[in-house]
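The values are calculated or read from the model by the stated rules, or taken from the named source; none is laboratory data. Predicted model only: the values in this text are computed from it and were never measured. Glycine also receives a Cβ, built like all others from the backbone with ideal geometry; neighbour counts cover every protein chain displayed. In case anyone asks, the SASA skips ligands and DNA or RNA and just uses the protein heavy atoms, side chains included. Shrake-Rupley method; radii C 1.70, N 1.55, O 1.52, S 1.80 Å.
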Amino acid sequence: MLRLLFDNNLSYRIKRKVKDVFPNSMHVTDTDLPVPAADIDIWEWAKNNGYVIVSQDDDFSTLSSLYGFPPKVIHLRIGNQSTQFIADLLMDSKETIEAFYGNSTDGVLEIIY
């Protein structure tokens, strides 16, 4: 089951905006991690709980290069955009995200705008 974990650098409001398309999504603030959480702690939490990390932070792509996956990472390379824009982009990318999730060879999906 596809479950997205939104990083600190994305608004907690995003999970509500994508809930119809990605109903099992969480924001880092919904976890038991401290706020703000360190990237490696988010990485470990996502790995241990079966989530895909969604972030604009390229540190997660670096962690994926170092440690492999899981967890998988969706890296948003979109610049400074509104929460609604990001939510729409993710929902419009649903098929691509689902194919990425089901793929056993790729650990990072870059969505570029």
### Task
Tell me which residues come under 5 Å, amide H to amide H, from L5 once H is placed; ignore anything under 5 positions away on its chain.
M26, V52, I53, V54
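For the chain, what is the convex hull volume of its Cα atoms per residue in Å³?
Per residue, the Cα convex hull of the chain comes to 94 Å³.
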### Message
Can you compute 3J(HN,Hα) from phi for each residue in the stretch 59-75, using the Karplus curve 6.51 cos²θ - 1.76 cosθ + 1.60 with θ = phi - 60°, rounded to whole Hz and x for Gly and Pro?
### Response
4, 6, 5, 5, 4, 5, 5, 6, 10, x, 9, x, x, 7, 10, 9, 9
### Task
Find which of S61, N24, N8 sits farthest along the positive direction of the dipole of the chain, computed with +1 on the beta-carbon of Lys and Arg, -1 on that of Asp and Glu, about the Cα centre.
N24
### Query
Whose amide H sits under 5 Å from the amide H of V108, counting only residues 5 or more places off or on another chain, with H placed in the peptide plane?
V73
## Note on the structure
With all protein chains present, the stretch 37-113 has a carbon and sulfur share of its accessible area (1.4 Å probe) in percent of 46
### Message
Using a probe radius of 1.4 Å on heavy atoms only, what accessible surface per residue do you get for the chain? Whole Å² is fine.
### Response
53
### Message
Run the simple label-point estimate for D30 and N103 please: 7 Å along Cα→C-beta, distance reported in nm.
### Response
2.5
#### Entry: Candidates S25, S61, S82: whichever shows maximal mean-square fluctuation once the chain is modelled as a Gaussian network with Cα springs under 10 Å
S82
### Query
At T83 and L66, where each label point lies 7 Å from the Cα along Cα→Cβ, what is the point-to-point distance in nanometres?
3.0
#### Entry: Residue-by-residue Karplus 3J(HN,Hα) for the stretch 3-16, coefficients 6.51, -1.76, 1.60, Hz, glycine and proline x
10, 9, 10, 8, 6, 3, 7, 10, 4, 5, 5, 5, 4, 5
### Query
To the nearest 10 square angstrom, how much accessible area does D92 have with a 1.4 angstrom probe?
130
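Rounded to two decimals, what is Rg over Rh for the stretch 35-82 when you use alpha-carbon atoms and the Kirkwood radius?
On the way: Rg = 10.7 Å, Rh = 11.0 Å.
With Rg and the Kirkwood Rh in hand, the quotient comes to 0.97.
With +1 on each Lys and Arg Cβ and -1 on each Asp and Glu Cβ, and nothing else charged, work out how big the dipole of the chain is about its Cα centre, in Debye to the nearest 20.
340
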### Message
With unit charges on the beta carbons (Lys and Arg positive, Asp and Glu negative) and the dipole taken about the Cα centre of the stretch 11-113, which residue among L89, G107, Y51 sits farthest to the positive side?
### Response
L89
### Query
Across the stretch 44-49, in residue order, what do the Karplus-derived ³J(HN,Hα) couplings come to in whole Hz, using 6.51 cos²θ - 1.76 cosθ + 1.60 with θ = phi - 60° and x for Gly and Pro?
5, 4, 4, 4, 6, 10
### Query
When the chain is treated as a GNM, springs tying every alpha-carbon pair under 10 Å, which of D88, D59, D20 comes out with the largest mean-square fluctuation?
D20
